[in-house]
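The values are calculated or read from the model by the stated rules, or taken from the named source; none is laboratory data. Because the structure is predicted, anything quoted here is derived from the model rather than measured. Heads up, the Cβs are rebuilt from the backbone with ideal geometry, glycines too, and the neighbour counts pull from every protein chain shown. These area figures cover heavy atoms from the full protein model, side chains too; ligands, DNA and RNA do not enter into them. Shrake-Rupley method; radii C 1.70, N 1.55, O 1.52, S 1.80 Å.
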Amino acid sequence: MGSAPPDRKIKIAIAGGGIAGLALAAGLAKKSHLEVHVYEGVPEYKDVGAGLALHMNAIKAMALIGPEVKQVYFDKALSQGDEETEMVTEVILGEGPNQGELVAELGRAKGRKTVARSDLLDGLLQLVPKDCITFGKKLDAITETPDAPNAVHLTFKDGSTAQADCLIGADGIHSETRKHLLGPSHSATAPVNHDGWQIYRTMVPTSEALKHINEKWTRCVPILLGPRGHVNCIPVNKGTRLSAGVAVRGAKFSAGGAPPLDPALYANYSEDARKIVALVARDTSASWTAADHDHAPFYHRGRVAMIGDAAHASMPFAGNGAAQALEDSAVLDALFAQLADASQIAAAFEAYDTVRRPRSQKVVDLARQFGRVYAYAEDGMHEDPARMKQFFAGAAAFTNNADLQRQNDDAVGLFRAAVGGGSEGVGDAVEVV
Ligand code: FAD
């Protein structure tokens, strides 16, 4: 910590014990000048079937919070190779004259792994002391008494209340914190499905998948592109189950929801892609409708801030939502290490906003663009694989290769300058391409 310890611990409430909230709590709980408590809305975690293939920036962000955070991920995940082997998500044209051509390698990282979201949450939960988290506490309302001790008052759906010096809303895409900060009727408050995306998804035992699709697709993370939807697979639960999906842009929704997935529409796709579509069509009960956030004009006001999907939910197509959530947590972890007392919280949030908002919102834009490129809907790009490769290489470098130590240092430098502690370590904020 940069200054003398405060008279009493600084009380931090985190709403939402998802990836962002738990990773941040794991870091803050280690700091003796802080008292952190996570209020998680659900009584217990359920497996929502999401498989994550975390990119290198996610792994670097976890390591910045602490080696034990990165370690739980490595313990819970399925290795796609040995620790020294570099792995990537392969993006391949699945339809058209250039069918079979590899156009992108995303998320390159050594020892890269895939993990079920629920397994990662289990691992992160082990790092948060039991008395620092309460389940079944769904945040319902926030009131603030500026500059008073315990300035933030929380009311939960069950009628109970809590107080803290600040609130960090990590409460996901339908965030109450976002509603409080932007206002319920702000155009950026609610998530929107601008391009009409429907994600047809199945979760099957790998032994069952092997009866229907090529064995190699149960060991890697492919994305096979085409105009009627892109097809992907992620091995999860240490390789015992496969999450396979078809993401369709411009789905014709009716009052009954999305139409059923029709494998006959994929006759022009490669044989491998067709087999995966047929596998998904057998049971689409794990399907969902994607949405993202239009840009929020700020991520904090006074003693309340939002992080992760609450601040910048993105389409899943760039594979970087959790990574961006973890980058937020890494930056706030570094900033809160510096706090001398609660009066400095707003300056810490301001530094977080300055450093993280441009980069995370750029990723929201990129993920939307990835979706259009995957669906052959971006200005003829699919007819020119070289152009496609150039686009993906630039985007992958932006998400994957960012200098996150520098991002943390930049935030801390801005904070120190604001609270009068000098500006050493201030660099340029992480570049936005
Ligand atoms: P969440 O993980 O959604 O957690 C929010 C938490 O807040 C939940 O536990 C919820 O119960 C709780 N909550 C909600 N409301 C309240 C309330 N009012 N009060 C208290 N608690 C509340 N990202 C990647 O980086 N790589 C990938 O490969 C990838 N693949 C994905 C695949 C799929 C199918 C999906 C759906 C997403 C994928 N993502 C990926 C994105 C990633 O899962 C999210 O970006 C990430 O989970 C965001 O973390 P979060 O903690 O902000 O939100």
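Taking Glu84, is it modelled with pLDDT of 95 or more, open to solvent by 40 Å² or more (accessible area, probe 1.4 Å) and more than 10 Å from the ligand (Cβ to nearest atom)?
no
Which one of Ala286, Ala323 is near the ligand (Cβ under 10 Å from one of its atoms), surrounded by fewer than 24 Cβ atoms within 10 Å (Cβ to Cβ) and within 21 Å of Ala116 (Cα to Cα)?
Being near the ligand (Cβ under 10 Å from one of its atoms), surrounded by fewer than 24 Cβ atoms within 10 Å (Cβ to Cβ) and within 21 Å of Ala116 (Cα to Cα) holds for just one of Ala286, Ala323, which is Ala286.
When residues of the range 4-56 are filtered for being in a helix (DSSP H, G or I), modelled with pLDDT under 95 and open to solvent by less than 10 Å² (accessible area, probe 1.4 Å), how many remain?
0
Quick one: is Leu64 open to solvent by less than 10 Å² (accessible area, probe 1.4 Å) and either at pLDDT below 90 or under 19 Å from the mean Cα position of the chain (by Cα) (or both)?
no
Provide a single number: the residues in the range 25-45 that are farther than 21 Å from Thr161 by Cβ and within 9 Å of the ligand (Cβ to nearest atom).
1
Taking the range 341-362 on its own, how many of its residues are open to solvent by less than 10 Å² (accessible area, probe 1.4 Å) and either in contact with a Lys or Arg (Cβ under 6 Å, 6 or more places away or on another chain) or of a type outside the set (D, E, K, R) (or both)?
Of the residues in that region, 7 qualify.
I'd like the full set of residues that are in a loop (DSSP other than H, G, I, E, B) and either open to solvent by 50 Å² or more (accessible area, probe 1.4 Å) or at pLDDT below 95 (or both), limited to the range 291-310.
Of everything in the range 291-310, those that are in a loop (DSSP other than H, G, I, E, B) and either open to solvent by 50 Å² or more (accessible area, probe 1.4 Å) or at pLDDT below 95 (or both) turn out to be His295, Pro297, Phe298, Gly302.
Of Ile133, Ile168, Ile142, which residue is of a type in the set (A, V, I, L, M, F, W, C), more than 28 Å from Pro316 (Cβ to Cβ) and in contact with a strand residue (DSSP E or B) (Cβ under 7 Å, 6 or more places away or on another chain)?
Result: Ile142 is the single residue among Ile133, Ile168, Ile142 that is of a type in the set (A, V, I, L, M, F, W, C), more than 28 Å from Pro316 (Cβ to Cβ) and in contact with a strand residue (DSSP E or B) (Cβ under 7 Å, 6 or more places away or on another chain).
From the list Gly183, Gly169, Gly196, Gly159, pick out the single residue that is within 11 Å of the ligand (Cβ to nearest atom) and either in contact (Cβ under 8 Å) with a residue 12 or more places away in the chain or of a type in the set (Gly, Ala, Ser) (or both).
Every option except Gly169 fails the conditions.
Out of the residues in the range 252-283 that are in contact with a helix residue (DSSP H, G or I) (Cβ under 8 Å, 6 or more places away or on another chain) and assigned to a loop (DSSP other than H, G, I, E, B), which is least open to solvent (accessible area, probe 1.4 Å)?
Per the stated criteria, the residue is Leu261.
Just give me the residues in the range 373-413 being closer than 30 Å to Phe349 by Cα, open to solvent by 30 Å² or more (accessible area, probe 1.4 Å) and at pLDDT below 95, in sequence order.
Gly394, Ala397, Asn401
Within the range 133-156, take every residue that is away from the ligand (no atom under 15 Å from the Cβ) and part of a loop (DSSP other than H, G, I, E, B) and give me the one that is least open to solvent (accessible area, probe 1.4 Å).
Within the range 133-156, the match that is least open to solvent (accessible area, probe 1.4 Å) is Ala151.
Answer yes or no: is there a residue in the range 172-181 that is open to solvent by 30 Å² or more (accessible area, probe 1.4 Å), outside the structural domain of Arg368 (by TED's automatic domain parsing) and under 25 Å from the mean Cα position of the chain (by Cα).
Within the range 172-181, not a single residue is open to solvent by 30 Å² or more (accessible area, probe 1.4 Å), outside the structural domain of Arg368 (by TED's automatic domain parsing) and under 25 Å from the mean Cα position of the chain (by Cα).
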